[in-house]
Structures are given as C-alpha cells and as structure tokens.
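The structure's right below; bear with me while I get my questions together.
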C-alpha cells in the first residue's frame, strides 16, 4: 500500500538541503510535489487543500536545528500532519459493555465483509482472549451463510446457524439470545451487502441496529475504491450511526487515497486495515505508523509486534544459542527461518514495514515472490534428514533425486545450496565474537564506530 505515494515523496526533500530556514520560496516546490502526490493517490481534493495549508502554516519560518537538515524538519511536519489527517491515534474497539458486546458489520457487496468478520473474530480470540460468536443475517447472497460458517471454522470461533428463508431480525434476535446464554464476550453480526446505498436495504440494517443496540457499528469498505470509499462511508453514516471503518484489500491499493480521506470526509476513525487474503491479515490502524510507512521510514513497531505473535521464540532462541556456540546452520534451520517468515505475512508483508522498502519500484517488488520461498521449502522437504543436517553429502545423484521429488530442476537445488552456504557464512560472523571483528574491520570505512 502507498507505493506510488512513497516513491513520489521519497526524493522531493533533497532540494531543501543547505537551507538554514524553511520559507515560502524554498518549500514551494516541495509543497507542489506533495499536492500532486496526494491527488495522484486519489485523495479527495478538499482534504488535499486543507492538508497543504496546514503543512505550509507549520513549515514557514521554522528554524532548523543544528543537527538536522531542513528536509528532515519538513518530513517531520508532513509526517505529523499525515498522522493528524488519519486520526492522530489508534481507535480501538469499545467492548466495555455488558457481555455480549455486539459488533454490527455493514458495507457494500464485494468489499470482503464476510471474510473480515472472520478475521476480526480471530483477532479478538487470539489477541484479546475473547469468546466470540458470529452470525450471518445475509439471506440474499447465495452461499453467504455457508461462507461465514466455513471462515468461522477456519479461525476457531463459534458460528450461529441461520437459513436463507428466515427473517434477518429473527436471526439476530436468536443469535443474541444464544450469545447471552452461552456467556459469549462478543457477538459479531454480518449483514447483507449492498450494491449501492439502497433505501430498502438501509431500512433493514437500521432495524437490525435498533434490535441489537450494538456497541460498535463498523463500515467495511474496499480501499482500492480510493476517495469513493470515503464518500460511500459518509453516505452510510448519514443513515446509520457508524462508530468506525475497516479498510479491506489495502495490500492491493498502491495509492492510499481511502486511508487518507476517510477520517477527514466522514469524521469516523479507521479502526482496522486488511493487508491480505490470509485470515490473520487484519491489523489495528495506527495513523502514526501508516504515516511512517508512507514516508519510507517503515513500521518497526508493528513488525516487532507481529514477530512476538508469530515467531516461535523457543526455536529462535535455540538457533541463536546454536549459532553462538559455532555449531553451524543446517538446512533444517534454514527451512524454519523461511516458515517463520511466511507466518509473519511473507516477504511483501515484511518489506512493507522495513525502512526504505516503500521506495522500491513496482518492478523490483514484482521480482520478489513468496512462491520462491515455498519452492525452497519444498526442495528442503524432499531431502532426507541426514542431508538436511549435512548438506555436503548432496552431490550429483542426490541432487537429481531431490529435484525430482520437489518437482524442480537440478539448478534449483544448486541455487538453494548456494544460498544456504551464504547464510551459513553470515551466521558464522555472529559466533565467537565475529560480529565485533566484522564491525572493527568496517571502522576505517565508517568513522565513529565505538570499536
């Protein structure tokens, strides 16, 4: 997400270098670039206009600290204003009501609402230890009820059965009764998707809202619709008391106009953002972290949180101890690293949060694919355990057998073995004080290192 915006903003601050003060003249070009970048990102024009005015007002006349360059000061101002534009801070779900806390989900067809219900249920179960029940009141879309049942089973939350010939009001009342008697913490209600803001369908969801009195009424919207996402959310908010927005399919949105427009246009906070098709790909929306990603500075905090949730700490500690003891780095260790990387959202999920990665070109990112990682795992799985622990055993006939077992070519096996040797050599530098020696050797090229 935000690839285009990150690339446009990435180099525009260079022209401010050498200036001792930010003035109208030396930020004029930078502001023009910011304005064009936001418009190309499909941010609503009134939002762009207000944003530029805010940045100009703060930037003009600001003295540059001795330790900073004007470009850095300007980046900080832009970052602060982007954060304020998107809501300043994360707006968490308010589940403080008497259980069960009811969460009503609304949105247009095709926005990924039913899948998002499952993702949200999983997040509440795994991260907040909530007992969750979900129900579908969508009696119009074929297989909508069955889809939610399937998703609920995949993420390990309970599903309340309903039928297409039932009245939606009867369905939600029965589900609420079950949630109370079953001592559930949260009931998430999936409502029928709409092709547009339809009067009859809006009346139905208003009746559902009145019957349930939910603590949260969330509008689910496709991020790839750009500023139309904000306009649609505003139309829904005029007939339904929304408490927040969930942006879906944000991983496929290179522009980011929806994320930058929704709060300003609707006044409603973005509470979550969907960053992929996997059922764990739903993240709380932190405006400051998103602003950091836009400006190419990454999102290390979210990366650490993701690692804490998904990385097997026992395996990681065992590998660290093994490397420190100089016991080598096996192909099994390599496979574990690949699998943990996939568990953290894959290569693109990690790159999105690493500083500087947002400025990579689309072509460069296209050459990086999780399929390559899965192919390497398949090759390793095709080996015997003895071969995985002792890669030097893998010669001609073994390579042919391994390639055949993995459905690959011998040159694919050779490439994997070379990558393993490279990783193994790197690991050796971390054992026996190797890291310190490596840093000492770099001192001549990087003055100021404390070694």
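Does residue 119 satisfy the criteria of being farther than 23 Å from residue 276 by Cα, in contact with a helix residue (DSSP H, G or I) (Cβ under 9 Å, 6 or more places away or on another chain), in the same structural domain as residue 271 (by TED's automatic domain parsing) and at pLDDT 90 or above? Even if it seems obvious, please write down each step before you answer.
Working: farther than 23 Å from residue 276 by Cα: no; in contact with a helix residue (DSSP H, G or I) (Cβ under 9 Å, 6 or more places away or on another chain): yes; in the same structural domain as residue 271 (by TED's automatic domain parsing): yes; at pLDDT 90 or above: yes.
No, not satisfied.
Select from the stretch 112-146 the residues that are over 23 Å from the mean Cα position of the chain (by Cα) and assigned to a helix (DSSP H, G or I) and list them in ascending order.
If the condition is that a residue be over 23 Å from the mean Cα position of the chain (by Cα) and assigned to a helix (DSSP H, G or I), then 144, 145, 146 are the ones that fit.
Quick check on this structure: which one of 108, 169 is in contact with a strand residue (DSSP E or B) (Cβ under 9 Å, 6 or more places away or on another chain) and within 30 Å of residue 235 (Cβ to Cβ)? Steps first, please.
On the way: 169 fails: in contact with a strand residue (DSSP E or B) (Cβ under 9 Å, 6 or more places away or on another chain).
Among 108, 169, only 108 is in contact with a strand residue (DSSP E or B) (Cβ under 9 Å, 6 or more places away or on another chain) and within 30 Å of residue 235 (Cβ to Cβ).
Residue 451: modelled with pLDDT under 80, assigned by TED's automatic domain parsing to the domain that holds residue 331 and in a loop (DSSP other than H, G, I, E, B), yes or no?
Against the criterion (modelled with pLDDT under 80, assigned by TED's automatic domain parsing to the domain that holds residue 331 and in a loop (DSSP other than H, G, I, E, B)), residue 451 does not qualify.
Yes/no per residue for (1) outside the structural domain of residue 388 (by TED's automatic domain parsing); (2) touching a strand residue (DSSP E or B) at 6+ places or on another chain (Cβ under 7 Å); (3) at pLDDT 85 or above:
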site	(1), (2), (3)
406	no, no, yes
412	no, no, yes
421	no, no, no
427	no, no, no
436	no, no, no
446	yes, no, no
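Moving on to the next point. For residue 38, state whether it is at pLDDT 75 or above, in contact with a helix residue (DSSP H, G or I) (Cβ under 8 Å, 6 or more places away or on another chain), outside any loop (DSSP other than H, G, I, E, B) and buried (at least 23 other Cβ atoms within 10 Å of the Cβ).
Working: at pLDDT 75 or above: yes; in contact with a helix residue (DSSP H, G or I) (Cβ under 8 Å, 6 or more places away or on another chain): yes; outside any loop (DSSP other than H, G, I, E, B): yes; buried (at least 23 other Cβ atoms within 10 Å of the Cβ): yes.
Answer is yes for this residue.
On the basis of being surrounded by fewer than 24 Cβ atoms within 10 Å (Cβ to Cβ) and at pLDDT below 80, does residue 251 make the cut? Spell out the reasoning first.
Details: surrounded by fewer than 24 Cβ atoms within 10 Å (Cβ to Cβ): yes; at pLDDT below 80: yes.
Criteria met by residue 251.
If residue 144 meets every condition in (1) at pLDDT 90 or above; (2) at negative phi apart from one, which number is that one?
Going through the list (1) at pLDDT 90 or above; (2) at negative phi, residue 144 breaks only (1).
Examine the stretch 85-100 for a residue that is outside any loop (DSSP other than H, G, I, E, B), modelled with pLDDT of 80 or more, within 19 Å of residue 286 (Cα to Cα) and touching a strand residue (DSSP E or B) at 6+ places or on another chain (Cβ under 8 Å), and state whether such a residue exists.
Looking for residues that are outside any loop (DSSP other than H, G, I, E, B), modelled with pLDDT of 80 or more, within 19 Å of residue 286 (Cα to Cα) and touching a strand residue (DSSP E or B) at 6+ places or on another chain (Cβ under 8 Å), one finds none in the stretch 85-100, hence no.
Filter the stretch 220-231 down to residues that are at pLDDT below 80 and out of contact with any helix residue (DSSP H, G or I) (no Cβ under 6 Å at 6 or more places or on another chain), then give me how many there are.
The initial filter retains those residues of the stretch 220-231 that are at pLDDT below 80, namely 223-231.
Imposing the further condition that a residue be out of contact with any helix residue (DSSP H, G or I) (no Cβ under 6 Å at 6 or more places or on another chain) reduces the set to 225, 228, 231.
The total comes to 3.
Every residue, every condition in (1) modelled with pLDDT of 85 or more; (2) within 16 Å of residue 105 (Cα to Cα); (3) over 27 Å from the mean Cα position of the chain (by Cα), yes or no:
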{"residue": "179", "(1), (2), (3)": "yes, no, yes"}
{"residue": "185", "(1), (2), (3)": "yes, no, no"}
{"residue": "194", "(1), (2), (3)": "no, yes, no"}
{"residue": "203", "(1), (2), (3)": "no, yes, yes"}
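Output yes when any residue across the stretch 48-67 is under 30 Å from residue 205 (Cβ atoms), modelled with pLDDT under 80 and not assigned by TED's automatic domain parsing to the domain that holds residue 204, and no when none is.
Residues of the stretch 48-67 that are under 30 Å from residue 205 (Cβ atoms), as a first pass: none.
There is no residue in the stretch 48-67 that is under 30 Å from residue 205 (Cβ atoms), modelled with pLDDT under 80 and not assigned by TED's automatic domain parsing to the domain that holds residue 204.
The values are calculated or read from the model by the stated rules, or taken from the named source; none is laboratory data. Since this is a predicted model, take the numbers as computed values, not measurements. Note that each Cβ is placed from the backbone with ideal geometry, even for glycine, and that neighbours are counted across all protein chains shown.
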